[in-house]
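K.L.:
Mind having a look at this structure? Questions to follow.
The values are calculated or read from the model by the stated rules, or taken from the named source; none is laboratory data. Values in this document were obtained by computation on a predicted structure and should not be read as measured data. Virtual Cβ from ideal backbone geometry, glycine too; neighbours counted across all protein chains shown.
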């Protein structure tokens, strides 16, 4: 626990946002549809509450909220490196980024051309990325960790399993309709189950509710 946190209600909040990109060659990559809006909304809401915010953002086209320290990254490994550094001095982290689970085993130096693929099909070998959330949360101490889970079918069960497996305090459950959208429906869960359900809310409204989970030290 930091000296700042003991004597001041102002917390250092770290937020991850957006997708990551895992390059196959100089022009192609593996990624996803995450817009980063949820993470940016959390960063803005936390700043308005008077907290100090570090925002670690994957490749997105969004303006940095006023008063937020932004760090741009591309890959999962870059995000992990920056998150590790920021987490050391943090009081809480919102893991809103959609981090790629896998990356190409080999990044080609030149463009991958059709003639290199063979007889009408290509095989891309993938290797597992480090688990960004689990890596930092395993030694969280008194810090709060709020995870996100995008699930379809049996989502609550899987989200709770993720919370326990990754040592989070809360997990925010949503589905694929949240991707690249301005509104979302989420279920906030803790170890005991559902804490709160928010239906068809703006991401700003959800962000304010999530920042309200932060406890003063």
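K.L.:
Name every residue in region 176-215 that is surrounded by 17 or more Cβ atoms within 10 Å (Cβ to Cβ) and in a loop (DSSP other than H, G, I, E, B), in order of residue number.
P.N.:
Selection gives 179, 213, 214.
K.L.:
State the number of residues belonging to region 135-150 that are crowded, with 16+ Cβ neighbours inside 10 Å and not in a strand (DSSP E or B). Break it down into steps so the answer makes sense when it comes.
P.N.:
Here is the first cut: in region 135-150, the residues crowded, with 16+ Cβ neighbours inside 10 Å are 136-137, 140, 143-150.
Those left that are additionally not in a strand (DSSP E or B): 136-137, 140, 143.
Of the residues in region 135-150, 4 are crowded, with 16+ Cβ neighbours inside 10 Å and not in a strand (DSSP E or B).
K.L.:
Return yes when residue 194 is closer than 24 Å to residue 215 by Cβ, at pLDDT below 95 and over 17 Å from the mean Cα position of the chain (by Cα) and no when it is not. Quick ask: steps written out before the conclusion?
P.N.:
Numbers: closer than 24 Å to residue 215 by Cβ: yes; at pLDDT below 95: yes; over 17 Å from the mean Cα position of the chain (by Cα): yes.
Taking the combined requirement at face value, the residue satisfies it.
K.L.:
Give the number of residues within region 119-134 that are within 18 Å of residue 93 (Cα to Cα) and either at pLDDT 95 or above or in a loop (DSSP other than H, G, I, E, B) (or both).
P.N.:
Count: 3.
Listed here are the residues, each with its yes/no results for (1) in a loop (DSSP other than H, G, I, E, B); (2) surrounded by 18 or more Cβ atoms within 10 Å (Cβ to Cβ).
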position	(1), (2)
46	no, yes
53	no, yes
59	yes, no
66	yes, no
70	no, no
74	yes, no
100	yes, yes
110	yes, no
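K.L.:
Okay, moving on. Given the structure, is residue 85 modelled with pLDDT of 95 or more, under 30 Å from residue 203 (Cα atoms), part of a helix (DSSP H, G or I) and touching a helix residue (DSSP H, G or I) at 6+ places or on another chain (Cβ under 9 Å)?
P.N.:
Values: modelled with pLDDT of 95 or more: yes; under 30 Å from residue 203 (Cα atoms): yes; part of a helix (DSSP H, G or I): yes; touching a helix residue (DSSP H, G or I) at 6+ places or on another chain (Cβ under 9 Å): no.
Judged against the criteria, residue 85 is not a match.
K.L.:
Do you know which residues across region 153-175 are in contact with a helix residue (DSSP H, G or I) (Cβ under 6 Å, 6 or more places away or on another chain) and either under 21 Å from residue 31 (Cα atoms) or surrounded by fewer than 15 Cβ atoms within 10 Å (Cβ to Cβ) (or both)?
P.N.:
Passing the criteria: only 173.
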